[in-house]
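Here is the structure we will look at.
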Amino acid sequence: MGFNYSCEDAYNIDPDDEILEENSFTNVDDLERGMYGVYAGISGSNIIQWSSRFTDDLRIAETNRGQGIAVHRWSINPGTNEVVGLWGNMYNVIARANRLMDAMENINPINEDEEATMQRIKAECLAIRAMEHFDLLRLFAQDYENASLGVPIIDGVYVYEQFPRNTVGEVFAFINADLTEAYNMLSATYTDNTRFTKTGINALRARIALYQKDYASAISYATQVINAAPLATSAEFQGVFTDQVETEVVFKLGRTSGDGAVGTIFTDTNGDVFFNLSYDLLDHMFASGWTNDIRTFVNIDVANFDESNLMVGKYLGTSANYGLNDIKLFRTGEQYLIRAEAYARTGSLDLAAQDVETLRNTRVVPGGSMGVVSYSSESNALNDILGERRFELAYEGHRFFDLKRFGLGVNRGADDCAEAADPCSMDAGDYRLALPIPSDEIFANDVIQQNAQY
């Protein structure tokens, strides 16, 4: 026994390559590497996938092998893979941001440059944490009224604690506080659009304000983004989605070889089409003067145009990496439509029309013209803006939330639900317009409450 005790140091040795939580971040360079991990965790494509497959912008292709069928046919339950994946991914990103901010408490910068870097990293963590909470709220809240159930706020590093759902109002307050702190910490000279910047934070703030019905703030934040990041010209617009043009790209997730390819949501790398562009969206673009609009030639794969097999063209990638494109989370085009909607909802119909006209005339094919936009009523303006959002933001993850925000259901054209198993319509207010709390969370968390009817 004496021998064993005296030799304890000989056998109680940590592996040389073991990384423990307390020594994983020891300096500012470690924090910067950790920041890469936070950004890398953001999917971006998961919301695009959910919104596109759930709504009226896609139809099932003949070569679909079962991809996304449950979501498209609204066969959703707490165990649906996509539901579990969305919840898990976003809370994982929040956990990464919280752990990085927690680690900062034990690191002392050695000079002003390191202090500025730490401040910038904390600001980015706060902004990402806010964005992920907001996306969870958009998906899992049954509506966006302050008293309704939202999602659990996770504001630190926890292991065994269980958290109930906060109200929508509480989540909005938490998000906005994080964004205010982040904005104040960031330097205006920091302009990398693959990271959160002041302009990126304002773009997120404008989107959030629209959901909160805080239209004055939506106008203010959107205006700041519009002034900082001009629209891409008609000649540039296609290059935005081939990753050759950075104009109007406020914040994007950079993607390189080996990363997930967003275009494979729609078409496999071997050419098998999982989902076609819907005839309903095609009809909408046609009614909007499609041959005169450059967005038509982005939304549709025109190089392989076949009306019976319409392929989504927004994420074609390259010949070496089909479907691999950067994911644009915030663009100036959306900000014009946020501001237009906010103007319309506050009675400034002329200003709303002016923003839509500016956007539409910027998207006209070279040498073409879209003409004058005018609105006779709020409902007339909002219907037109909703249609413009569908055209401008197709397959960027907005349609599902727009229908929900506008109090609309999903109505697919008859040609888009030709199979007997394909549902054609979902009523406004249907419980499935809010995702169920995943079964894994329900089993592990005694204090969380499931959404109604799941």
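The values are calculated or read from the model by the stated rules, or taken from the named source; none is laboratory data. Model, not experiment: these values are computed from the prediction. Neighbour counts run over all protein chains shown; Cβ positions are idealised from the backbone, glycine included. Side chains are part of the model used for accessible areas, which takes the heavy atoms of the whole protein and leaves out ligands, DNA and RNA. Shrake-Rupley method; radii C 1.70, N 1.55, O 1.52, S 1.80 Å.
Criterion first (of a type in the set (Val, Ile, Thr), over 26 Å from GLY200 (Cα atoms) and either in contact (Cβ under 8 Å) with a residue 24 or more places away in the chain or not in a loop (DSSP other than H, G, I, E, B) (or both)) does THR291 satisfy it? Yes; evaluated as a whole, the condition is true for this residue. When the test is whether a residue is assigned to a loop (DSSP other than H, G, I, E, B), within 21 Å of the chain's Cα centre (by Cα) and either modelled with pLDDT of 95 or more or of a type in the set (Val, Ile, Thr) (or both), ILE175 does not pass it. Highlighted here are the helices (runs of 4 or more DSSP H) found entirely within the stretch 17-124 that include at least 2 residues which are of a type in the set (S, T, N, Q): 21-24, 45-54, 81-104.
Restricting the stretch 215-249 to residues that are within 20 Å of the chain's Cα centre (by Cα) and of a type in the set (D, E, K, R), the residue that is farthest from ILE338 (Cα to Cα) is ASP243. Of all residues in the stretch 209-239, those satisfying the criterion of being among the hydrophobic types (A, V, I, L, M, F, W, C) and in contact with a helix residue (DSSP H, G or I) (Cβ under 6 Å, 6 or more places away or on another chain) are ALA209, LEU210, ALA218, ILE219, ALA222, VAL225, ILE226, ALA228, ALA229, LEU231, ALA232.
All of VAL373, VAL356, VAL410, VAL364 fail the test of being over 26 Å from SER52 (Cα atoms) and β-branched (Val, Ile, Thr), apart from VAL373. Selection of the stretch 180-206 for residues being farther than 22 Å from GLY254 by Cβ and surrounded by 17 or more Cβ atoms within 10 Å (Cβ to Cβ) yields TYR183, MET185, ARG205, ALA206.
Conditions (1) at pLDDT 95 or above; (2) among the hydroxyl-bearing types (Ser, Thr, Tyr); (3) closer than 25 Å to GLY254 by Cβ, marked per residue:
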| position | (1), (2), (3) |
| --- | --- |
| ILE13 | no, no, no |
| ILE42 | yes, no, yes |
| GLU62 | no, no, no |
| THR80 | yes, yes, no |
| GLY85 | yes, no, yes |
| TYR91 | yes, yes, yes |
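Of the residues in the stretch 229-238, at least one is among the hydrophobic types (A, V, I, L, M, F, W, C), in contact with a Ser or Thr (Cβ under 6 Å, 6 or more places away or on another chain), open to solvent by 10 Å² or more (accessible area, probe 1.4 Å) and closer than 26 Å to ALA40 by Cβ. As for the stretch 207-222, it holds no residue that is open to solvent by less than 50 Å² (accessible area, probe 1.4 Å), outside any helix (DSSP H, G or I) and hydroxyl-bearing (Ser, Thr, Tyr). All of THR167, THR256, THR197 fail the test of being closer than 21 Å to MET90 by Cβ, of a type in the set (Ser, Thr, Tyr) and out of contact with any strand residue (DSSP E or B) (no Cβ under 6 Å at 6 or more places or on another chain), apart from THR167. Restricting ILE338, ILE448 to those that are more than 26 Å from TYR315 (Cα to Cα), among the aliphatic types (A, V, I, L, M), in contact (Cβ under 8 Å) with a residue 12 or more places away in the chain and touching a Lys or Arg at 6+ places or on another chain (Cβ under 8 Å) reduces the list to ILE448.
To keep it simple, each residue is scored yes or no on (1) within 14 Å of ARG389 (Cβ to Cβ); (2) of a type in the set (Phe, Trp, Tyr); (3) touching a strand residue (DSSP E or B) at 6+ places or on another chain (Cβ under 6 Å); (4) at pLDDT 95 or above.
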{"position": "VAL273", "(1), (2), (3), (4)": "no, no, yes, yes"}
{"position": "ALA287", "(1), (2), (3), (4)": "no, no, no, no"}
{"position": "GLU307", "(1), (2), (3), (4)": "no, no, no, no"}
{"position": "LEU316", "(1), (2), (3), (4)": "no, no, no, yes"}
{"position": "ASN325", "(1), (2), (3), (4)": "no, no, yes, yes"}
{"position": "ARG339", "(1), (2), (3), (4)": "yes, no, no, yes"}
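Is it the case, given these coordinates, that ASP415 is among the charged types (D, E, K, R), over 18 Å from THR167 (Cα atoms) and open to solvent by 50 Å² or more (accessible area, probe 1.4 Å)? Judged against the criteria, ASP415 is a match.
Condition first: among the hydrophobic types (A, V, I, L, M, F, W, C) and over 16 Å from ASP326 (Cβ atoms). Now tell me which residues in the stretch 225-245 satisfy that. The answer is VAL225, ILE226, ALA228, LEU231, ALA235.
Scanning the stretch 104-121 for residues being in contact with an Asp or Glu (Cβ under 8 Å, 6 or more places away or on another chain) and buried (at least 18 other Cβ atoms within 10 Å of the Cβ) gives a total of 1. Of the residues making up the stretch 277-294, those that are open to solvent by less than 10 Å² (accessible area, probe 1.4 Å) and in contact with an Asp or Glu (Cβ under 9 Å, 6 or more places away or on another chain) are LEU277, SER278, LEU281, MET285.
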